[in-house]
1. Per-residue ellipticity at 222 nm for chain A, helices alone: DSSP H runs ≥ 4 residues times -39500 (n - 2.57), over residue total, nearest 500 deg cm²/dmol?
2. Sorted by mean Cβ packing within 10 Å, highest first, what order do the peptides A:156-168, B:156-168, B:195-207 take?
3. Between B:D14 and A:R114, take the C-beta separation as r, use R0 = 51 Å, and let me know the FRET efficiency to the nearest 0.05.
4. Using each residue's phi in the stretch B:149-158, evaluate 6.51 cos²θ - 1.76 cosθ + 1.60 at θ = phi - 60° and report the 3J(HN,Hα) Karplus result to the nearest Hz, with x for Gly and Pro.
5. Taking only Cα atoms and a 10 Å spring cutoff, compute GNM fluctuations for chain A and point out the largest among A:L126, A:L84, A:L71.
6. If the cut-off is 16 Å between C-alpha atoms, which lysines fall inside it for B:K64, apart from same-chain ones fewer than 8 positions away?
7. What is the log10 of I(q)/I(0) for the protein assembly as shown, computed with the Debye formula using one identical point scatterer on each Cα and no solvent, at q = 0.05, 0.06, 0.08 Å⁻¹?
8. Obtain the nm distance between the two label points defined at B:E357 and A:R284 by a simple spin-label model: each point lies 7 Å from its Cα along the Cα-to-C-beta direction.
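The values are calculated or read from the model by the stated rules, or taken from the named source; none is laboratory data. On a predicted model such as this, the values are computed, not experimentally measured, just so you know. A quick note on method: Cβ atoms are made from the backbone with ideal geometry, for glycine too, and the neighbour counts reach across all protein chains shown. Note: accessible area is taken over every heavy atom of the protein model, side chains too, but ligands, DNA and RNA are not part of it. Shrake-Rupley method; radii C 1.70, N 1.55, O 1.52, S 1.80 Å.
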Amino acid sequence: MLRRVADSVFWTNRYLERAENVSRFVDVNQSLSLGGSPQWSPLIYASGDESLFHQLQGGEFTAERVLDFLLFDKRNPNSILSCLVKARENARAIREVLSVPIWEAINRFYLRVRDAARDPDEILQLPADFLERVRRSSHEVIGVMEATMSHDEAWHFARIGRMLERADKTSRILDVKYFVLLSGRSSISSALDVVQWTALLESTSALHMYRRRHGRIAPASVAEFLLLDGHFPRAVRFAIAEAEISLHAVTGRPLGTNLDPVEEKFAKLHGELSTVKIDSIIQRGLHEFIDELQCGLNVLDAAIYQRFFEIQPLAEAASDQQ
Amino acid sequence: MSSLVKTAFDEYQDGPVARHPLLADRLDNFSTQELADRQHEAEIRLREKGITFAVYGHADGTEKVWPFDVVPRPIASQEWTRIEAGLKQRIRALNLFLDDIYGEQRILNEGVVPRELILSAKTYRPQMHGFRPPKGVWTHVTGTDLIRHSDGVVYVLEDNLRCPSGVSYVLENRELMKRVLPEVFSGTSIAPVEDYGERLLTTLLQTAPPCVEKTTAVLLTPGMYNSAYFEHCFLAQQMGIELVCGSDLVVVDGQVRMLTTQGSRRVDVIYRRIDDDFLDPNCFRADSALGVSGLMDVYRSGRVTLANAPGTGVADDKAVYAWVPQIIRFYLNEEAILPNVPTYVCSDPRQRNYVLEHLAELVVKPTNESGGYGLVMGPKATAEELRDCAAQIRDNPRNYIAQPMLTLSTVPTVIDRKLAPRHVDLRPFILYGDDLFVLPGGLTRVALREGSMIVNSSQGGGSKDTWVLVNS
């Protein structure tokens, strides 16, 4: 397929996944603040857009400002609205490779968010329904893609985009929450902490699956589940494994044969996540580990871009043969 | 004669379709209320499907939903048969004309069409001289504009031989109609349009460079900010071919190749939806970022097909248009089946004087524009506009023609939940590969403003489904 098209398929799905994750962040915080301890600043820290927030919304982290920034502020490139605008724009640029139902699902998703942004007051007061719809719309796109699009190269690039974004966001959520929850404490001490950890798991829709796997809430187990679980679809290791499978579907070589530098880089990160133990991560420092993980993800992004999307070098190499 | 008070021809009341059972029995059963509800349903559907066109300089984003009206525009089958024959005749003759003027120039040598008129056309491409595209097909896709005047006669208004657009709306309008008015489709008396994509692909493959095995066709678009981008996607999807931008293509070893995730791949046929000027910065406009360097060299060496061929614009120059009846006679030895609108060519001194004297009654058009740009409607213009117009004609007579103001026929249209007559035109689409094919019906554009005759979507026009009623 065309490099430009592969690039747009990849980003369409990244932006949709990003919108879904913003909704998750916000929703869990919203439900926590109902319990009496509103914390809006960590949301902004987690998004990594702190200075932009201050620039656009001023210094104070009020519920309304933070919500507006994350949901509807067009000037914030990572707001749900911005993500949908970009997802749709990318999808529109490659409409011919998407099935008609996929395009329509993305377009409807966009229209819903755009219409909400035009009349935001009620949603900024009570965002839960809206956030729920965002997640459902995102899942609708995934479902329609699964069911109506050939599982060909384009589909695999879509999945790589989604999975890399998911790995990134899950690790960020964990990083921020972990930092906040464990600051000044060494273990779970109160009922409130259980509520907080539960909320963290819920923000990644992980609570039920976590309970089935680990039972009681313990910080190390939560970190292990979100980073290293091989079966939970929002866990970092699972996401990387899925992306790796799709990468090999694209290159046409079986898993394990890492002839390409991109394949090698995926294999390396996946290998690390499969062998490392949570105890040693915590001993070394969870934050430091996640920092390294984020660097690793950036390496994968850059490798994918160079190998499959970048046009200039290939165009030059091709013209040189003249 | 009462010709001063011109009453528009109404396609429902005055046309031969008035008593067709489909209209008389089925469509009449709908109350205005019901039609308005269906209209509303159609609008929601269009929005969700994202069927849009770009409007340059529009404040609320660049996309507008394509305005659609649920009341179809009918055409009787015997009338359609004649239109179809007239269009085929015209396209055949215009392709022979293009072959000739870029070849031997017999028609110029014999003085049938003035040489100066052709050579002075901005759209004449000397670069194409001595070139003949595969099978002598220059205009693979044509979208001819037809109108019916108050005299009931269908006239050719414009031959769009370059990159005519609108066919995607024909297909989408039909899909939409099947959804919102399924009752009327239960019979089979409406000529189908759904096979257009298939036929277009066949046309493109038939005109591929000879000796190519496993032909690859692509659709070249200027990109998503182009006003017809929706159509480019739609057609690529209908044909199952890649939609490419200039930056996706390179010329290597005398071939056009597209840049894929797995290296590059040869391209044999390019259905290009960008103007000649932007195709190749080495050959035409040097500042074009939309095209492909070296494309025209590959084209002239016969290793890639461009559809439509570069240089076709000279045959739809509005001054050359005036000679089409002579062109048909010259190459086919036939009289034109579909008449031209009477046209005054301003480069001719006598005709120019007539135009200048009757400016307030005429429509003045630049010879090299399309989409209604630069048009001056005499009867509706202010004195100052007329003075400006006259000055421009004197300044550059070759650039203008004038025509009498025709009254476009009307079709009932849902306006504010009621039916009201609105003026329409018709753009049928003609494909030319091994043979000529005319898509039954075509795009009916409707001027939604009361009394307006400007049907362009950029200026408040909408569209309707067009029904060619078979067995009527």
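1. The helix contribution divided over chain A gives -24500 deg cm²/dmol.
2. A:156-168, B:156-168, B:195-207
3. Working: r = 45 Å, r/R0 = 0.88.
The pair B:D14/A:R114 has a calculated efficiency of 0.70.
4. 7, 5, 7, x, 8, 8, 10, 7, 9, 8
5. A:L126
6. Result set, ordered by chain and number: B:K49.
7. -0.34, -0.48, -0.79
8. Placing both labels 7 Å beyond Cα along the Cβ direction yields 9.5 nm.
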